[in-house]
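Asks: Below you will find the structure I want to go over with you.
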Amino acid sequence: MIPITKPFVGQEEADAAAHAVLSGWLSQGQRVQEFEERVARYTGARHAIATSNCTTALHLALVAAGIAPGDEVICPSFSFIATANAVIHAGATPVFADIDPRTYNIDPAKVEAAITPRTKAIMPVDQIGLAADIPAVLAIAHRHGLKVIEDAAPSLGAIAGEGRVGAMSDFTCFSFHPRKSITTGEGGMITTDDDAAAERLRVIRSHGASTSDLARHQSGTTAIEEYRELGWNYRMTDIQGAIGVVQLSKLETVLAARGRLAARYGELFAGDDRLETPFVPAGYRHTYQSYCVRLRDTRPRNAIMEELAAQGIATRRGVMAIHLEPWYRERFPGVSLPETERATAETLLLPLYATMTDAEQDTVVHAFRQALG
Ligand SMILES: Cc1ncc(COP(=O)(O)O)c(C=O)c1O
């Protein structure tokens, strides 16, 4: 079986988790704090705030950005469902903008066209590990006084020209689900340069408590916390924090291995006009959550996926069109996004993970070419 992904974890992560368990401090504490500090340093952001996953990170970032019921947030539909769900959880309305068919990321021209008096934020997604055109999105946001909350779930380590993902937008949200650059099982992180927002994010991720458990524990006093606003329990555990610290030290190794495999897929598929390989703009670094290919006049995509599955090769559809999923279709009828709809019908994701061997990759390429017909 060749899976769609394999997390790059081993004894070091197991030891770190065991150490956290045996320390007697299992919930959010010093290990989460250390992980946050390291992510902030890595991305170049002033602050990093850990959360239970990226969906909760997006929800909190929207709240911290002041998004409230009645507001509109422009985002792509070509994304995992969590992007739009987070906007709904914040009480706001997602307004879907179409994508650039080369990058599969939100098209800045379509963003500009979707702005209304109710628009309060833009939520670009760095899809499959390729940063969106964040400089263009930021320029639009500045012109219209909007916040930018970047959904960088798969993109820790991605680079967009001069900018590193995590240090460009008002808020950037990462995922540590096992399919992402690095993993803590489940987990998320928000990076921001906004001091006041960072402080508020730390409060509202923990029920709105004015002091954290760790601060109360370390104070050695009977400090009693206050609850001045409504919060959530969106905390990361110290077991996850400990794993995250180890994982972050391996991130560049993981990205180098994934980059090499992606380049090798590109060489192996060169000249095959039945498919299109990923486009990476000059100066960008892709983290390759998976290897996305677009089919050109082949057999139907699902038949190809089924044939590969029968041979023990996992694939996934190339993301989704959120506006076509039943919950959204019922509530947002009549949305038409031609590039998104085409991309979701014509793309599929091939396996790619740091420990994939050349022999495994050759097996995928051979089976895929046969299945194309
Ligand atoms: C683009 C995007 N946004 C958000 C999420 C949600 O991340 P999490 O599973 O950590 O909540 C994902 C996860 O797959 C994603 O790919």
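The values are calculated or read from the model by the stated rules, or taken from the named source; none is laboratory data. Given the structure is predicted, the values throughout are model-derived calculations rather than measurements. Please note: Cβ atoms are built from the backbone with ideal geometry, for glycine as well, and neighbour counts cover all protein chains shown. Surface areas here come from the heavy atoms of the whole protein model, side chains and all, with no ligands, DNA or RNA. Shrake-Rupley method; radii C 1.70, N 1.55, O 1.52, S 1.80 Å.
Asks: State whether one or more residues within the stretch 303-311 are free of Cβ contacts under 8 Å to residues at least 60 places away in the same chain and in contact with a strand residue (DSSP E or B) (Cβ under 7 Å, 6 or more places away or on another chain).
Replies: yes
Asks: Out of the stretch 282-302, which residues are away from the ligand (no atom under 16 Å from the Cβ) and open to solvent by less than 30 Å² (accessible area, probe 1.4 Å)? Let's see the steps before the verdict.
Replies: Initially, the stretch 282-302 is screened for residues away from the ligand (no atom under 16 Å from the Cβ), giving 282-285, 293-302.
If the condition is that a residue be away from the ligand (no atom under 16 Å from the Cβ) and open to solvent by less than 30 Å² (accessible area, probe 1.4 Å), then V293, R294, L295 are the ones that fit.
Asks: Okay, next question. Looking at the structure I just gave you, is I122 surrounded by 24 or more Cβ atoms within 10 Å (Cβ to Cβ) and either within 16 Å of the ligand (Cβ to nearest atom) or at pLDDT 95 or above (or both)?
Replies: Judged against the criteria, I122 is a match.
Asks: Related question: Is it fair to say L214 is part of a helix (DSSP H, G or I), open to solvent by less than 50 Å² (accessible area, probe 1.4 Å) and at pLDDT below 95?
Replies: Answer is yes for this residue.
Asks: Now for a separate question. Tally the residues that are closer than 30 Å to E306 by Cα, of a type in the set (A, V, I, L, M) and open to solvent by less than 60 Å² (accessible area, probe 1.4 Å), restricting the search to the stretch 1-48.
Replies: Of the residues in the stretch 1-48, 2 are closer than 30 Å to E306 by Cα, of a type in the set (A, V, I, L, M) and open to solvent by less than 60 Å² (accessible area, probe 1.4 Å).
Asks: Determine the pairs where a residue that is of a type in the set (K, R), located within the stretch 19-41, has a partner that is part of a helix (DSSP H, G or I) with Cβ atoms under 7 Å apart, the partner being 6 or more residues away or on another chain.
Replies: Going by the 7 Å Cβ cut-off, the qualifying pairs are R31/A20; R31/D238; R31/G241; R31/A242; R31/V245; R38/V245; R38/L248.
Asks: State whether the residues of the stretch 185-201 include one that is open to solvent by 50 Å² or more (accessible area, probe 1.4 Å) and within 16 Å of the ligand (Cβ to nearest atom).
Replies: Of the residues in the stretch 185-201, the ones open to solvent by 50 Å² or more (accessible area, probe 1.4 Å) are 186, 193-196, 199-200.
Applying the additional criterion that residues be within 16 Å of the ligand (Cβ to nearest atom) yields 186.
For the stretch 185-201, residues open to solvent by 50 Å² or more (accessible area, probe 1.4 Å) and within 16 Å of the ligand (Cβ to nearest atom): present.
Asks: Hey, another quick one. Considering only helices (runs of 4 or more DSSP H) fully contained in the stretch 20-107, which possess at least 3 residues that are farther than 20 Å from H207 by Cβ and away from the ligand (no atom under 15 Å from the Cβ)?
Replies: Here the list reads 30-43.
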